[in-house]
Protein chains: 2
Amino acid sequence: MLASQLLLRPSVTASDRLLLAIQEAIVEGEIPAGSKISEPELARRFAVSRAPLREALARLERCHLIERIPNAGARVVTLTPEKLISLYQLREELEGLACRLAAQYMADDEIQELQALLDEHLRTQRVREGESYYQEAGDLDFHYRIILGSKNPYLINILCDELYFLVRMYRVQLGMNGPRVSRAFDEHKAIIHAIANRDGELADLLMRRHIGASRQNIALQLQQTR
Amino acid sequence: MLASQLLLRPSVTASDRLLLAIQEAIVEGEIPAGSKISEPELARRFAVSRAPLREALARLERCHLIERIPNAGARVVTLTPEKLISLYQLREELEGLACRLAAQYMADDEIQELQALLDEHLRTQRVREGESYYQEAGDLDFHYRIILGSKNPYLINILCDELYFLVRMYRVQLGMNGPRVSRAFDEHKAIIHAIANRDGELADLLMRRHIGASRQNIALQLQQTR
DNA sequence: AGCCCTTCAATTGTCGACACTTTTAAAATA
DNA sequence: TATTTTAAAAGTGTCGACAATTGAAGGGCT
């Protein structure tokens with residue numbers, strides 16, 4: 001469910017719940033990309049006042065899902081190929097770094113868990129052929145663990161809390177579940193292998209290629225669509 | 001003044017002004033690192049209600065200057081050597097990327113302006129020997145322009161709006177203005193040269209070294225302090 | 001004395017109302 | 001009819017007050 005940042009929170013406020021609900025609605029396209037957000041309307045819909053709603057909107061802006069203009073209101077972001085490329089450029093760099101650090105700082109048992117996770121995903125994947133949801137959940141989980149393994153708090157915050165909802169939004173709304181399934185698994189395996197060998201440089205390189213391949217895949221899809 | 005994200009805003013609200021004021025107070029150490037933030041107290045101090053104050057606090061959390069715990073309140077972040085290293089690791093990666101992209105996307109006149117800026121800083125620096133404020137302002141300005149030159153909106157947002165206040169806070173409070181002045185100028189010149197030659201790879205490498213040198217400088221200073 | 005429970009004050013989260021701004025729509029003029 | 005002006009409607013920003021939660025002080029127990 002990707003609620004990593006909420007699992008640690010002792011008490012959940014209304015604005016926390018709102019954030020999750022609206023995030024999901026935007027990512028899934030229920031609130032369409034580019035549409036205007038009306039505070040009174042959303043407040044009615046979720047049966048809360050505008051105070052916690054505005055708190056939630058502030059946090060939605062933080063993860064780039066909406067854009068606000070003072071005195072004019074908020075809009076859901078519009079998705080463009082250019083922005084998507086920008087996003088993947090960043091991911092290549094940041095997740096490459098995450099791999100290098102993870103190879104250095106992850107505990108042995110964390111690496112073993114990661115390996116076990118991949119095996120399980122492989123089995124699940126075989127059973128549910130074609131169901132992209134599990135594939136995506138597995139993929140995100142894989143990336144999450146490595147990012148957390150970097151132990152760099154700023155890096156973790158940027159990737160997990162700010163950029164990954166955008167990544168999901170693009171995947172869902174542009175239908176990026178592609179035919180890269182089995183190849184992605186092999187790439188994941190190679191990356192884990194490098195981390196297990198404490199070869200940060202190699203893990204870095206492999207992750208950059210892994211994400212770079214996705215980026216080119218996207219570029220191709222976009223080109224074909226035209 | 002580093003108010004880049006505010007210059008474009010049509011109308012300035014109370015929470016905008018609050019954000020700037022509190023940011024400055026935290027960066028300069030007037031509100032001490034690690035101290036608890038009392039909403040009623042701050043609201044009185046700035047003569048506003050808690051609504052715009054809370055909006056400002058949400059944005060301060062976004063740039064990592066405060067940490068909030070639901071129902072418990074907000075604290076100014078504490079500075080640690082480990083976090084500072086984490087921050088510089090990120091900067092190396094992100095500003096390296098920024099250089100590579102800037103070499104590709106900056107317009108010719110933007111590069112010329114950048115060059116002129118550096119010359120001017122050099123002159124100003126000679127006049128005001130030892131005054132670290134101008135040196136820092138110049139340094140930040142230099143980095144800003146290259147980041148903006150990358151034309152990658154997510155990269156720009158993360159570096160300029162989220163991480164640079166933290167960088168300033170560390171510089172001010174740990175007194176990081178060091179003896180690297182003249183050497184930094186040479187490094188800046190080399191980076192611009194690479195960008196002007198549209199050599200992204202080289203600019204990337206040089207920027208990583210430039211920031212890496214600062215990082216090692218910091219590590220040394222911290223070691224000596226003990 | 002030390003620890004746990006209760007009570008109370010202080011702080012945070014939420015609410016409804018008001019002030020100001022922007023946008024929309026109608027009216028007036030050319 | 002097209003354009004500008006004006007007025008109303010909707011929406012955002014801010015305020016003060018109430019409700020819910022937390023942290024601390026005090027009292028009771030072992």
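Those helices (runs of 4 or more DSSP H) of the stretch B:10-68 in which 3 or more residues are away from every other protein chain (no Cβ under 11 Å) occupy B:14-27, B:39-46. Of the residues making up the stretch A:63-115, those that are within 16 Å of DNA strand C (Cβ to nearest atom) and either charged (D, E, K, R) or open to solvent by 10 Å² or more (accessible area, probe 1.4 Å) (or both) are A:GLU67, A:ARG68, A:ILE69, A:PRO70, A:ASN71, A:ALA72, A:GLY73, A:ARG75. Within the stretch B:25-57, restricting attention to residues that are acidic (Asp, Glu) and within 14 Å of DNA strand D (Cβ to nearest atom), the residue that is nearest to the chain's Cα centre (by Cα) is B:GLU55.
Summed over the stretch B:139-159, residues that are within 20 Å of B:ARG215 (Cβ to Cβ) and of a type outside the set (Asp, Glu) total 9. Counting only residues that are more than 11 Å from every other protein chain (Cβ to nearest Cβ), aliphatic (A, V, I, L, M) and more than 16 Å from DNA strand D (Cβ to nearest atom), the stretch B:69-103 holds 4 of them. Looking across A:GLY138, A:GLY149, one residue alone is out of contact with any His (no Cβ under 7 Å at 6 or more places or on another chain), more than 13 Å from chain B (Cβ to nearest Cβ) and open to solvent by less than 30 Å² (accessible area, probe 1.4 Å). It is A:GLY149. Answer yes or no as to whether A:LEU122 is buried (at least 20 other Cβ atoms within 10 Å of the Cβ) and in a helix (DSSP H, G or I). Considered against the rule, which asks whether it is buried (at least 20 other Cβ atoms within 10 Å of the Cβ) and in a helix (DSSP H, G or I), A:LEU122 comes out as no. Within the stretch A:78-97, the residues that satisfy the criterion of being in contact (Cβ under 8 Å) with a residue 24 or more places away in the chain, more than 16 Å from the chain's Cα centre (by Cα) and closer than 19 Å to A:VAL172 by Cα are A:THR78, A:PRO81.
The values are calculated or read from the model by the stated rules, or taken from the named source; none is laboratory data. Here the structure is a predicted model, which is why all the values come from computation and not from measurement. For neighbour counting, all protein chains shown are included, and Cβ atoms are generated from backbone atoms with ideal geometry for every residue, glycine included. Just so you know, the surface numbers come from the protein's heavy atoms only, side chains and all, with ligands and any DNA or RNA stripped out. Shrake-Rupley method; radii C 1.70, N 1.55, O 1.52, S 1.80 Å.
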